[in-house]
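**Q** Below you'll find the structure I mean.
The values are calculated or read from the model by the stated rules, or taken from the named source; none is laboratory data. Note that this is a predicted model, so its numbers are computed, not measured. Heads up, the Cβs are rebuilt from the backbone with ideal geometry, glycines too, and the neighbour counts pull from every protein chain shown. Only protein heavy atoms, including side chains, enter the accessible area calculation; ligands, DNA and RNA are left aside. Shrake-Rupley method; radii C 1.70, N 1.55, O 1.52, S 1.80 Å.
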Amino acid sequence: MEKLALNLQSQPAIDSYVAGNHLMKYEKDLLSEILISVNAGDYVKMNWFNSFGDSLRQIIMNVYEHRKALEFGFTEIAFNQYGWFSSPKFIDREDIQLEQSEIRLGHGPNGLWAYALSCNYGTAGSSSPLCVFCKKYASRDAALTDALAEMKAQMTKYLGNADTTNYKQEILNKTLNAIAAMKNSRVQLSLF
């Protein structure tokens with residue numbers, strides 16, 4: 001693939017990219033911003049975009065992740081060996097085990113918290129990373145409250161499922177009991 005460098009002649013490459021892809025709203029918005037800088041001859045802005053990658057796809061994805069990182073207060077711009085944005089590490093990261101499932105909590109430099117879940121249903125499961133694309137919360141308590149509610153909903157969804165290989169009822173019930181125990185301990189701590 002040929003390296004793209006945004007310049008005054010980039011309009012056809014951008015038009016071709018738009019025509020050949022089904023774009024998300026944020027991608028359309030970023031391409032519009034890029035086009036504005038190209039059409040205005042804004043070399044400072046074009047060079048800034050160019051610093052995020054060698055193709056429109058890489059530029060769009062890296063700029064978007066950088067801007068999501070800024071929402072949590074992460075300001076560093078760094079890339080891995082493949083040229084993709086290096087995901088920032090959340091502060092005070094905490095992994096809370098609930099039987100075979102897990103809640104991951106952490107916050108950014110500006111104090112906004114996020115959570116991610118790793119759900120084990122038996123053989124089946126789901127997991128997501130703690131990253132800048134997670135929902136933002138003002139406090140650890142708010143993030144943990146929603147995490148517990150989501151974990152409970154995920155486990156409850158498979159209670160009574162006929163597929164007992166993928167959705168082992170014993171694991172689901174143990175996880176639900178661990179969630180209830182954690183909620184109870186949080187209530188008891190709040191009384192003191």
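**Q** For region 1-52, give me the residue count where each residue is closer than 27 Å to E76 by Cβ, in a helix (DSSP H, G or I) and hydroxyl-bearing (S, T, Y).
**A** Here the count works out to 4.
**Q** Got at least one residue in region 54-63 being under 26 Å from Q81 (Cα atoms), surrounded by 15 or more Cβ atoms within 10 Å (Cβ to Cβ) and among the acidic types (D, E)? Spell out the reasoning first.
**A** Just the residues of region 54-63 that are under 26 Å from Q81 (Cα atoms), to begin with: 54-63.
Of the ones still in play, those that are also surrounded by 15 or more Cβ atoms within 10 Å (Cβ to Cβ) are 55-56, 58-63.
Applying the additional criterion that residues be among the acidic types (D, E) yields none.
No, region 54-63 contains no residue that is under 26 Å from Q81 (Cα atoms), surrounded by 15 or more Cβ atoms within 10 Å (Cβ to Cβ) and among the acidic types (D, E).
**Q** Looking at F72, is it among the aromatic types (F, W, Y) and farther than 28 Å from T145 by Cα?
**A** The answer is no for F72.
**Q** Right, here's the next one. Among (1) closer than 30 Å to I14 by Cβ; (2) out of contact with any Lys or Arg (no Cβ under 7 Å at 6 or more places or on another chain); (3) touching a residue at least 24 places away in the same chain (Cβ under 8 Å), where does A142 come up short?
**A** Only one criterion in (1) closer than 30 Å to I14 by Cβ; (2) out of contact with any Lys or Arg (no Cβ under 7 Å at 6 or more places or on another chain); (3) touching a residue at least 24 places away in the same chain (Cβ under 8 Å) is unmet by A142, namely (1).
**Q** So which of A69, A13 ends up being touching a helix residue (DSSP H, G or I) at 6+ places or on another chain (Cβ under 8 Å) and touching a residue at least 12 places away in the same chain (Cβ under 8 Å)?
**A** Just one listed residue meets the conditions, A13.
**Q** OK, next. May I ask you to list the residues in region 64-108 that are over 30 Å from N173 (Cβ atoms), surrounded by fewer than 14 Cβ atoms within 10 Å (Cβ to Cβ) and in contact with a strand residue (DSSP E or B) (Cβ under 7 Å, 6 or more places away or on another chain)?
**A** D92
**Q** For region 1-37, enumerate the residues that are open to solvent by less than 60 Å² (accessible area, probe 1.4 Å) and farther than 14 Å from I60 by Cβ.
**A** Listed by number, the residues that qualify are A5, N7, Q11.
**Q** While we're here: Say we look at region 160-172 and pick out the residues that are open to solvent by 70 Å² or more (accessible area, probe 1.4 Å) and without any contact (Cβ under 8 Å) to a residue 24 or more places away in the chain; which of these is nearest to L98 (Cα to Cα)?
**A** Only one residue fits best here, namely E170.
**Q** Checking V132 against (1) open to solvent by less than 60 Å² (accessible area, probe 1.4 Å); (2) farther than 27 Å from A69 by Cβ; (3) in contact (Cβ under 8 Å) with a residue 60 or more places away in the chain, which test does it fail?
**A** Result: V132 fails condition (2) only.
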